[in-house]
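Below: one structure, written as structure tokens.
The values are calculated or read from the model by the stated rules, or taken from the named source; none is laboratory data. As the structure is a prediction and not an experimental result, all values here were calculated from the model. Quick reminder, even Gly has a Cβ in these numbers, built from the backbone with ideal geometry, and neighbours come from all protein chains shown. All accessible areas refer to the heavy atoms of the entire protein, side chains included, with ligands and DNA or RNA removed. Shrake-Rupley method; radii C 1.70, N 1.55, O 1.52, S 1.80 Å.
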Amino acid sequence: MTLLGLLLLLLTLWGLAYGSARAIVWILLPPILLISLQLADLVTPLGALPLWLVYAATLFFYLKPQLRRRWITRPLLTAFQQVMPSMSSTEKEALNAGNVWWDGELFSGQPDWNRLLRQPQCQLTAREQAFLDGPVERLCEMLDDWHITHERQDLPPEVWQFIKQSGFFGLIIPESYGGLGFSAFAHSQVVMKIASRSITAAVTIMVPNSLGPAKLLLQYGTDEQKTSYLNRLASGEEVPCFALTNPHAGSDAGAIPDIGRVTYGEFDGTRVLGIRLNWEKRYITLAPVATLIGLAFKLEDPQRLLSDDPQPGITLALIPRDTPGVEIGSRHMPLNLPFQNGPIEGREVFIPMTWVIGGVEGAGKGWQMLMESLAEGRGISLPALSTSAGKKTSRYTGAYAAVRTQFGQPIGHFEGVEEALARIGGLTYQMDAARKLTLSALDSGESPAVISAIIKYHLTERYRQAVNDAMDIQGGSGICLGPDNLIGRDYQAIPIAITVEGANILTRSMIIFGQGAIRAHPYVLREFEAAEHPDPDSALNRFDDALFSHIGFVLTNLARTLWYGITHGRLSESPKGGPSKRYFQRLNWMSSSFALTADAALMTLGGSLKRKERLSARLGDMLSNLYIASAILKRYIEEGEQVDDLPLMRWAMEDSLYRIQHALRGLLRNMPIRPLAWLLRLIIFPTGLPFHKPTDKLDHQVARILVTPNEARDRLTRGIYITEDQGQRAGQLEQALFAVTAAAPHEKTLRRARRAGQLKSRDVRSLIAEALSLGILSESEKVSLEEADRLRGRIIQVNAFSDLGGVKTTAKRAVSKLSNINKRGAA
């Protein structure tokens, strides 16, 4: 009976924690329950005594906050200050960059799904759509990527001119300064479409509209600087680059050794206050052709000519190319993708203070400027490039898998190929969903720094997987470069996307959770700020408030996670019914589990978690896949819950949930405090591991979307360059796909007749003629089969070259050989 009474008490406390009960309920309900249990003889007075003592002590310290702070909070604050990780000024500026958005909801353990669904859907204005249908389409038609990458190793002059004249360098610059003033969504759509035609052209357009002079001027420039440069940048009269990376400081950009010293010097014949600079930079995109250099350097002021601070810190300046001492023009060659990229050096370069972005007031604020700009820019360009590659492989590798036959059937019908095709389609659905949700946030005025890091890392990694799968499917046709190879350059570009704007290993292991745990957690930042407060009394009061709110938060998530684990989230709230309902409920479970394990790791490892990079990376993986899963459900709902898209949505969600579980399992297996890990495993997964990779059946359904013409395929690949031009391999694949799809029933007729012994011929042409003569095929069916055979023969050809020694080579498409190939039956 005593055990029954204790169980009732525990269930009551669990219910209070689960419902985040207010303090007055916690004060009144436990004693009422204890008295009731004693009156009912469910708990003896002796058995109730320890419970009354715990209750009395808790109530005493709640009602006496001064004593609680002296005896409980102060020792905890001291211990916290000793274990909290030290942060440099650059780390603090990175933490303060941007703001918290949906990542905060995921950290709460109780995401408000209605808030997510209220987020506006991405929409183009009429002017933005006209630009995509006009200049962007025209630019794509002008681009010959083989000519650009292999023969010229640069964009042709007419393409450079068209890009400048059409305003491609001014996508983000407001119309008042001569730019286009497009939304983040339109900016992304432009990059995505161009990238599907030429990565070299896309990167050329990305850089001036990403982290660079225009972006920095718009946010931090003086009125004089904006007036002087923005119109010229928008028109292409000025070509910008931004120089940050030093040979001795790559990912650790805050440690750049490039120095500028405040001094007096001659400028335009006048003695002025300025900066004497020496720098060495590399990997700078557009540097060889840039006319305006954005430069990051460490500013020193030993004579204290600006202020009392002799080390103002990282500063940004704009420097014209023709400034004495600037050395520029050499080129790097990033994996044979010839977008302009190269080193820049400066020796004893003197610039006036008016060239510092923001003027004198901008001195020492460069790192803050970079982090705030990166928080937004990282969410646009590289995700667009990655999604473009996913859409491109979904459409064209899917078509190739339908057209290419082996062992008498399309290779896209083999289960091994279906597995790879399903990954391509499912990952592309994930990428586009995450891209659009992030763009919606940016266009709503958010600047989600953690989320921009999430989609930079995870979309470039999914791009890597999708293109690798495409190469596996296409085999030799993917390996042999030439005008007809649509994926070779995308494959070569993967390491570039992985490396830039924060190397992926660094982003995953140090930034996503390392920054997210402090910024997006509802209480950790408050605890950090309290611990660093200069006034001891104020620090104690603030820490006390944050700490006990944090404890309540942990108890709530503990109660919720246990209940969700037992029920698999089935009784939790969902904003929608239908196919998405169970996925919302499972995300409730995983969000609560993530919040609980994150707190467990933070509380037990403290500052050492900063050094436990692999544990931090797994927590980051959980947060990231929760975000991607949220985006998947939002996309499915806002696109009208199309029945044809259901396999894609289900595959994407099953994969995301499995990734969350995999990261959580890896975290628990490697937590140093083993009993805590075992307890968390029992609370989160009391009935075992519930999530699995997508089934073979689901893989088959997704693969079939990619290998047949259908609306789901069109929705999945919407936004890339699509053409019917039969002079381009993309147009040939489209035509061949429709032809083999139309001929598929007739091919089945031939196979049945051959198995029945009605047909004796072996090669394709003879089979068709024999079937026609026997009345097995009609004349129209014969024409359909011959057309499919002809187009299939064209598609399986790869480029060959008469000379690879020179810069210029001629691709032989071998069309004249097709008749001989057909005669041999090789088609």
- request: Provide the solvent-accessible area of residue 259, counting protein heavy atoms only and rolling a 1.4 Å probe, rounded to the nearest 10 Å².
  value: 40 Å²
- prompt: Each residue of the range 404-412 in turn: what ³J(HN,Hα) in whole Hz from Karplus with 6.51, -1.76, 1.60 and θ = phi - 60°, glycine and Pro shown as x?
  reply: 6, 10, 8, 6, x, 8, x, 5, x
statement: Rounded to a whole %, the carbon-and-sulfur portion of the accessible area of the chain at a 1.4 Å probe is 54 percent
- request: For 307, 381, give the ranking by accessible area with the largest first, probe 1.4 Å.
  value: 307, 381
- prompt: Between the range 320-398 and the range 154-193, how many Å separate their Cα centres?
  reply: 16 Å
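Which order do you get for 350, 107 if you rank them by accessible area with a 1.4 Å probe, largest at the top? Spell out each step's value before the answer.
Numbers: 350 20, 107 0 Å².
Of 350, 107, the descending order of accessible area is 350, 107.
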statement: Amide H contacts under 5 Å for residue 99, restricted to residues at least 5 apart in sequence or on another chain and with H modeled in the peptide plane, are 447, 449
- line: Across all Cα atoms of the range 540-586, Rg and the largest Cα-Cα distance (Dmax), in Å, are 15.4, 50
statement: Once phi for every residue in the range 650-656 is put through the Karplus expression 6.51 cos²θ - 1.76 cosθ + 1.60 (θ = phi - 60°), the whole-Hz ³J(HN,Hα) values, with Gly and Pro written as x, are 5, 4, 4, 6, 4, 5, 5
task: Grab the beta carbon distance between residue 752 and residue 639, set R0 = 41 Å, and tell me the FRET efficiency rounded to 0.05.
output: 0.55
- prompt: What FRET efficiency comes out for the pair residue 14/residue 676, r = Cβ-Cβ distance, R0 = 25 Å, nearest 0.05?
  reply: 0.80
- request: Report, by chain and number, residues whose modeled amide H sits under 5 Å from the one on residue 332, excluding near sequence neighbours (fewer than 5 apart, same chain).
  value: 341, 342
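Grab the DSSP H runs of the chain that are 4 residues or longer, score each as -39,500 (n - 2.57), total them, divide by all residues and round the 222 nm result to the nearest 500 deg cm²/dmol. Walk me through the numbers on the way to the answer.
Working: 35 runs with 464 residues, N = 827.
Computed mean residue ellipticity for the chain: -18000 deg cm²/dmol.
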query: Hey, if we sort 457, 429, 491 by accessible area with the 1.4 Å probe, largest down, what's the order?
result: 491, 457, 429
message: Using each residue's phi in the range 677-694, evaluate 6.51 cos²θ - 1.76 cosθ + 1.60 at θ = phi - 60° and report the 3J(HN,Hα) Karplus result to the nearest Hz, with x for Gly and Pro.
response: 4, 5, 5, 4, 4, 5, 5, 7, 10, x, 10, x, 7, x, 9, 9, 4, x
- prompt: What is the set of long-range amide H partners of residue 350 at a cut-off below 5 Å, with H atoms built 1.01 Å from backbone N?
  reply: 277
Mean Cβ neighbour count within 10 Å, used as a protection proxy, ranking 238-245, 38-45 highest first: 238-245, 38-45
message: Solvent-accessible area of residue 264, probe 1.4 Å, all protein chains present, reported in Å² to the nearest ten, please.
response: 100 Å²
message: If packing is taken as the average count of other Cβ atoms within 10 Å, what order do 632-640, 664-672, 76-84 fall into, highest mean first?
response: 632-640, 664-672, 76-84
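Placing unit charges on C-beta atoms (Lys and Arg positive, Asp and Glu negative, everything else neutral), compute the dipole magnitude of the range 368-415 about its Cα centre in debye, rounded to 20.
240 debye
If you filter the range 364-421 for chymotrypsin sites (Phe, Trp or Tyr not before Pro), then keep DSSP loop positions with at most 16 other Cβ within 10 Å, what is left?
Hits after loop and neighbour filter: 407.
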- prompt: Relative to the present Cα-Cα distance, how much length would full extension add between residue 271 and residue 541 at 0.36 nm per residue of separation?
  reply: 91.8 nm
Surface accessible to a 1.4 Å probe, per residue, for the residues of the range 205-279, Å²: 40 Å²
message: Suppose we look only past 17 Å in the calculated P(r) of the range 584-670. What percent of the Cα-Cα pairs does that tail hold?
response: 50 percent
- request: Leaving ligands, DNA and RNA out of it, work out the accessible area of residue 621 with a 1.4 Å probe and give it in Å² to the nearest 10.
  value: 20 Å²
message: Can you give me the Rg/Rh ratio for the chain, using Cα atoms for both radii and the Kirkwood formula for Rh?
response: 1.04
- request: Please report how far the C-alpha centroid of the range 270-293 lies from that of the range 582-645, rounded to the nearest whole angstrom.
  value: 42 Å
query: Using every alpha carbon pair in the range 381-436, what percent of pairs falls into each 5 Å bin from 0 up to the bin containing the largest distance?
result: 4, 21, 26, 19, 13, 9, 5, 2, 0
query: Could you give the distance between the Cα centres of the range 415-484 and the range 209-231, to the whole Å?
result: 32 Å
